[in-house]
Each structure stands twice: as C-alpha cells, then as structure tokens.
Amino acid sequence: MSFKKKIKIHLSSGMQRFFLCYFLMLLSFYSVAQQFTLWDTIPVEINAQNLSMPWAGGFNNPQFSAIDINRDGVKDILVFDRSTKTLYPLINTGIADSVSYRFDPSFRSLFPEINQWVLLHDYNMDGRPDLFTSTRYGMNVGIKVYRNDTATNGDLTFSLIDSMIYADYNPGVFNLYVSEWDIPGLADVDRDGDLDILTFEYSGYFMEYFKNMSMEYYGVPDSLDFVLADKCWGKFEEGFGSCTVSLGVSCKGSGGHLRDTRHAGSTVLPIDINNDHAMDAIVGDINCNNPYLVTNGGDSLIANMIKVDSLYPVTEPVNIPRFPAVFYLDADNDGIKDLIAAPNALAVSENFKGTLWYKNTGTEAAPNFVYQRNDLFQRNMIEVGEGAYPVPFDYNHDSLQDIVIGNYRYYQSGGGFLSGLALFENTGTQTNPAFKLITRNYGNINSLLIKAVYPAFGDLDGDGDKDMIVGEENGFLHYFTNIAATGQDAEFSLTAPQFESIDVGQFSTPQLIDVDRDGLLDLIVGERSGNINYYHNIGTKSNPQFDLVSDYWGKVNVKRNKDLHGNSIPFLTVIDTSGDSVLLVGSSSGYIYEYDHLFSPDSTFTLIDSIFENIWNGASSSVSGVDLNHDKSIDLLLGNWGGGMAIYKNLNTAPSPPPPPVDTSGELSISIYPNPASKIFYIRFLHVKSSANTAVDIYDMLGHPVFRHDYPDLLGDSVVDIKFNSMPQGVYIIRIEVDAKYYFYKQVLL
C-alpha cells in the first residue's frame, strides 16, 4: 500500500519540524506493500463430507485432458472451463483406484492462452502431450497448436507451432475449419502413426475427415500437413434440430455445403469402441441432451457407420441439457480410461452437478462404462452454480465470521433457473477458520424468483443487529429486516421490495458502509455497466433515507475494451493497520481494481492498479473481505462465474515502530489505555502540579486530523475518555499538548 496523499499537520512552532519527521518515520514503518496469498488450507464441510479442494472455483462448462503437470511421472488432469476461460490444474495425489486430486493454481502460468476449447494430444509421438486450441483471424476460425517442449526434469514448456492449421481441400488450401463452439476429434483414424482430425463441416450436417500426411510425406509423425480425405466420413448425417442421425447417405446426394441452413455445434470423441481397428465416434449435438455413438462397420481406411446408439451409454445414458461433450481419460487412477461428460453450451446448461463420470469396468480394448455420479470434482469444491458472490456475516453472534454466498443462478431440472444465498457457518476458532454448509436457501431468497442475488449486511433500523439488503439482476434492491430476538441467530423478513425505488439498471451489487464517517450507513452499489453509484444516508440510525449523490462515483469504470459489460462489485475498506481506506472493485474481466484518493476535491478517485496483487480467480470476480484470523488485517473473499470462491490471506502485518518521544522534564505522567481499544479509550494524567490547559489531537496514519478537544484547568490526577463511535478500525496517532510545554505521542490501535 502506497501513501501518496500530502500530510498536513498543524503543530506549535517549537515542535512542528520534529513531529513531522517523526510522523514520516512512522509512515515508513507502515508503507509496506500489500501481500496476499491463496489461503487454500481452510477446511470446508458439506453434507458431512470434508472437501478435498474446496477453494478450487466451481465448474460450468469444463473440458478434460490428461497430462503430467507437476512432472512426477503420474498423469494429472487439466480442466478448462469454457464459460470462465479458466484453467484448473488438478494434481494427482497418486492413490490407486481413487479419484484423488488437489487443485494447484500455481501451474496455470505454465500453459499458453486458451480460447474456447483445449485438447492435449501427442502429435509428434515424443511422449509429451501437445496442446490444441481454437483460434480466429478475421473471419477465419480453426485450430492453433502449441508443441510440448518440456525438457527432462524441467517445468512444462509450450512453443507455438501453428497459429492456424491449413488443409488441402482439393482444390484450394484453406484454414482447417472448426467452429469455435465445436470440439473436434483428434486421433490416428487410419492407424498409420500420425494424428488425424475429425470435425463437422461448415453447415454442421456431415463429419469431415482430415488426413495427416506426415507419415506419407516424411516418414515420421512430427508434422501437421492435412488433406480433406473424406467430406462425409462414415456416410452419416445429423438431422437439424431433431437429434436424429441418418445412415448410408452421401454428401452430394444430401446437399452438403450447398445448404443455406447452418447448424453449428457438435463435439466429437473418436474411439474404437469394439477393438476392430475401425474408428467409431461419440458425438454431442448443440440441440440435444444425449450424445450418440455411431459404430463403424468399415475399416481404418474407409468408414461406414452401420449403427447408431442415440442414448449412450445404453445402461444409463448421458443426459446433459444441453450440448454434451464427452472426454476419455483415467479419472480414478486405475490405469484404464473412463468416460467423462460435461455441458458444452453456455448459459443454458446444468451448472451445479454437470460433470458425469462413467467408470470403465472393462478394458480400453473392450470398454464397459458404468455410471458413478454427476458431480465429479464438483462435489469436492464449493459450488453454487453460475456466479458466486461471497460476503462475510456473523449470523449466529459467536464472533466468528461466517460466509454468505449469493449466486447468479442454479440450473433447475426440466429447464429454468433459481438463485439463492448459501450460508457457510464458521465452525473454527478465532485464528483458524473452518466452514460448514448450513443451507443453500438462506433467507428463503429462492421464493422471490429473482436472479443474481448479492447480499449486503448492516444495522439499518438501529436495533443493534444487522439487517440485509439484496441486489439482483434487474437493478433493484430489496430490504430485509432482521426480526430475530436479541442474541439469537439472524432471521430475515422482506420489509421493502424494490427498496426506496432504487434502480441502477442491471446487476445491482450493494455494500452498506459509512462512507462519510457521520455515523450512518450509506450505500454504494455496483452495476453491469461497470460504474458505481453512491447514495448518502440523510436519515437517522433507525430510519435510513438514501439520496443519490453520484451515479458515476469517483469516475470508477471497470469495463475493459473487449468486455461487453463491466459488472462492478465494490468493496470499500480499510485493508490493514495502515488505516488507509481503499476501494477494491471486482469486474467481469476477473481482475480486481484498486482505487485511492477516495475523497479528492474533484471527486475522481486514483486508479492504483487494475490487476490488484496480480490476483485472478476466474471471470466475473466479486470481492469482499473480513479479518478471518484476528490479526487486524482484512482477508479477501473472492467469487467467480464458475460458482466457486477463494480466500486470500493478508500477509501484511505491520512492524511495531520505535517508542514515541516523551518530554520527561517535570513530573507529569500520561498513560493511554486500553490499547488496542474498541471505540473508546482513556487518557490518565498523573501529578499535574498546577492548573493546566490540555489539548488532545488525533490523526490517522495519513496525517489527517480526525479529533480535537481542549481540557482546560486539569489539576492533580485526572482521567478523560475519548469515544470513536464513527471511526473505522486502524492505527491512530495521539498528540497531547499541556500548557504548550509537554508533548506526548502515542500509537493507538482501534
């Protein structure tokens, strides 16, 4: 945290230079760069199960590939979520016959930028999986390839080989077309030792086979030279919008590219399901819930599909609304590849329990896929569907900070969505938090039938407990009164829907905080456009009234050039013992913005950082915070679009400055207690020999005066009390002047 504001201190001429030097020295002790680290050791329990990777982040549209990420000789799993553009390196813990992995985001930086989809396949047969992903140049879309150049005993290293794969279409050489929403199939289709590609053509009815000519041209499989070998591979056709497949058709007879209607959206898993050396395929379609298996009755050179299993696997078919994608890798560390299915369509699919695992109880030559569960990996992480907005709230008054997580929505069986608040109770200690899920419908928010619920807590009726304001997709705020008896668990009742007719447009994200330090809670509200609205409370502690001061507060805007929206989520706080207020803002980009100079005369805040602490926890970040381990520093609670969250521990513990100078001439003795204090502390004067005029000044750590009071005619032993009812937690400097002669400086922590 840097201190850039000018220090303005008014002292008597005899002490001015000395005090300024001392004050700057104190600032030097507290001008320590903010440091946060992922706090992923906090235990979490859901349904009596201790989660193995609670802070991993949630899945919406995951894709799965096997690769040895940490170079220990054991295959790990790389997960890429299409909806959040997030990588999840899952490190295999090496337990045989067990789905046992740990999430380690530190490996994310080893992978190149991925767009839309990713598949890992060893195209040059050197034993190291290479990386294939989507690419676009202008109107051309296709495949980009990174070669795995990892050295022995070295970290993963990838080198860009092809920014766009081209193919000979006979006639003409063009980009090998793969729709951005498709996932192609990569396999050695003709069994000649190099990697071929199966993908649906432009209209989306027929599967094209691109043969790799590396072995034919060079005799080794280290190149990516493709020709369109078959425009209608397997002689089958997908129906338009009907989830049907026709066999025995030909491109020319069925129209092929001449059709005007485009049907873009298919996923392909090449697999030799019956070990006859003829490649079969499991295909997912954008309009269907079930993938289908087409069985090849031909051979490795000429494909001819003779059978369609429209519901696959037959015993318990995959059912994912909509657009399933299927992956083939070993999930349970038994050395045999399993089947994993997940939704590939954005915003219309299952987002809570959407990762289906089918264990292969047979062999890879003769697989037998048996359904296990629909929440593979998700069951071991905090997962609240689509979008997660965690905020702290001590719901049971035990002085341990619990977490309430709002969300955008949960997918509902049969279609539709619901939003709610998930309550995680802190079952740990003052210094070691632990969390347990109590309910996914805290406050019965589901019944409101609103989406994108974002909670904020504060005492709005002056009764000593915290009430709740909920933002939502349509931009309104809803006021819930805490009707619980004193000391009882919070209980909320909807008092004022569309509270005070406040409407910020879309996706209102409120925070209740005393912005101007007048003892009343104000409102700051983020919104979809990326700006922040500031409402000043002109009412009373028991009857708030919010008046719009600015709908472009501080000229904050977190919308980036490539973003459609900004989705600002504000968190105004004093982040550590420096006492300096900062504004952190979550955004649709996933980065956190930091603003300083929050109350400058021109009302323009200073953007300190648009990638705060280089923290990125997935797209559409939310940010809030609280001191979870009672070290007087705010830890950060971050949510993301995947429906998960992370906690970042604040490591910045300020060192103690040297003792302040005290004028010991004479017999005057001054003491301040308690320290740390809680809203009130006392100053005790001993042995005041004669009537003295005493002044007490208090400054924050930026040198701003926050309190002054004169105490005339102190005599003998006296005690005065100082109340800080409206001051935020932080470090303050006390300056005491006695008859313009005695000076006393003291650091007080509130």
(request) Taking the Cβ of residue 694 as the centre, find all other residues whose Cβ is under 10 Å away and add up their charges (Lys, Arg: +1; Asp, Glu: -1). (result) -4
(request) Calculate the spin-label point distance for residue 48 paired with residue 173, positioning each point 7 Å from the Cα along the beta-carbon direction, and give it in nanometres. (result) 6.5
(request) Could you check how much of the accessible area of the chain is carbon and sulfur, as a whole percent, using a 1.4 Å probe? (result) 50
(request) Positive end of the charge dipole of the chain (Lys, Arg +1 and Asp, Glu -1 on Cβ, about the Cα centre): tell me which of 295, 650, 172 has its Cα farthest that way. (result) 650
(request) Would you mind computing, in nm to one decimal, how far apart the modelled labels at residue 394 and residue 719 are, each placed 7 Å from Cα along Cα→Cβ? (result) 2.5
(request) May I ask you to compute the full-extension gain from residue 498 to residue 739, defined as 0.36 nm times their residue separation minus their alpha-carbon distance, rounded to one decimal in nm? (result) 81.1 nm
(request) Could you sort out which of 451/541; 337/359; 85/144; 632/723; 144/562 sit more than 18 Å apart by Cα distance in this structure? (result) 451/541; 632/723; 144/562
(request) Answer rounded, prolate or oblate for the stretch 41-124, using the Cα gyration tensor with square roots of eigenvalues a ≥ b ≥ c: rounded when a/c is under 1.5, else prolate when a/b is larger than b/c, else oblate. (result) oblate
(request) Work out the charge dipole of the stretch 368-436 with +1 on the Cβ of Lys and Arg and -1 on the Cβ of Asp and Glu about the Cα centre, then indicate which of 433, 415, 403 is farthest towards its positive end. (result) 415
(message) Calculate the FRET efficiency for residue 163 and residue 347 from the Cβ-Cβ distance with a Förster distance of 25 Å, rounded to the nearest 0.05.
(response) 0.30
(request) Note the full-extension length gain between residue 315 and residue 300 as 0.36 nm times their separation in residues minus their Cα-Cα distance, in nm to one decimal. (result) 2.6 nm
(message) Quick check on the chain: helices-only [θ] at 222 nm, where DSSP H runs of length 4 and up contribute -39,500 (n - 2.57) each and the sum goes over total residues. Nearest 500, please.
(response) -1000 deg cm²/dmol
(request) Would you mind checking the stretch 200-227 for residues with the amide N under 14 Å from a putative spin-label position 7 Å along Cα→C-beta of residue 126? (result) 221-224
(message) Report the gain in length on full extension from residue 37 to residue 679: 0.36 nm times residue separation, minus Cα-Cα distance, nm rounded to one decimal.
(response) 228.1 nm
(request) Compute the signed sum of charges (Lys and Arg +1, Asp and Glu -1) over the other residues within less than 10 Å, Cβ to Cβ, of residue 187. (result) -3
(message) Please give the charge dipole size of the stretch 423-505, origin at the Cα centre, charges +1 on K and R Cβ atoms and -1 on D and E Cβ atoms. Round to the nearest 20 debye.
(response) 420
(request) Putting +1 on Lys and Arg Cβ atoms and -1 on Asp and Glu Cβ atoms, find which of 571, 83, 210 reaches farthest to the positive end of the dipole of the chain. (result) 571
(request) With only Lys, Arg, Asp and Glu charged, each at its Cβ (+1 for the first two, -1 for the last two), find how big the charge dipole of the stretch 96-195 is about the Cα centre; round to the nearest 20 debye. (result) 360
(request) Excluding residue 610 itself, calculate the net charge of residues whose Cβ lies under 10 Å from the Cβ of residue 610, where each Lys or Arg counts +1 and each Asp or Glu counts -1. (result) -1
(request) Could you give the size of the charge dipole of the chain about its Cα centre, using +1 on the Cβ of each K and R and -1 on the Cβ of each D and E, expressed in debye and rounded to the nearest 20? (result) 1420
(message) For a protection proxy built on the mean count of beta-carbon atoms within 10 angstrom, sort 485-493, 223-231, 508-516 highest first, please.
(response) 508-516, 223-231, 485-493
(request) For residue 401, list long-range residues whose amide hydrogen, built 1.01 Å from N in the peptide plane, is under 5 Å from its own amide hydrogen. (result) none
(request) Please calculate how many Å² of accessible area the stretch 125-215 carries per residue, with a 1.4 Å probe and no DNA, RNA or ligand atoms counted. (result) 37
(request) Take each of the peptides 476-482, 214-220, 521-527, average the number of other beta-carbon atoms within 10 Å over its residues, and list them starting from the highest. (result) 521-527, 476-482, 214-220
(request) Provide the percentage of antiparallel DSSP beta bridges, counting only those with both residues in the stretch 315-458; round to the nearest 5. (result) 95
(request) Specify whether the C-alpha gyration tensor of the stretch 500-607 places it in the rounded, prolate or oblate class, a ≥ b ≥ c being the square roots of the eigenvalues: rounded for a/c under 1.5, otherwise prolate if a/b is larger than b/c and oblate if not. (result) oblate
(request) Could you tell me how many degrees, from 0 to 90 and to the nearest 10, lie between the Cα long axis of helix 16-30 and the main elongation axis, the longest principal axis, of the Cα atoms of the chain? (result) 30
(request) Sort the following peptides by mean Cβ neighbour count (other Cβ atoms within 10 Å, averaged over residues), highest first: 40-50, 283-293. (result) 283-293, 40-50
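The values are calculated or read from the model by the stated rules, or taken from the named source; none is laboratory data. Quick caveat: nothing in here was measured; it's all calculated off a predicted structure. Counting neighbours? That spans all protein chains shown, and the Cβs are built from the backbone with ideal geometry, glycine included. What goes into the accessible areas is simple: the full protein's heavy atoms, side chains included, and nothing from ligands, DNA or RNA. Shrake-Rupley method; radii C 1.70, N 1.55, O 1.52, S 1.80 Å.
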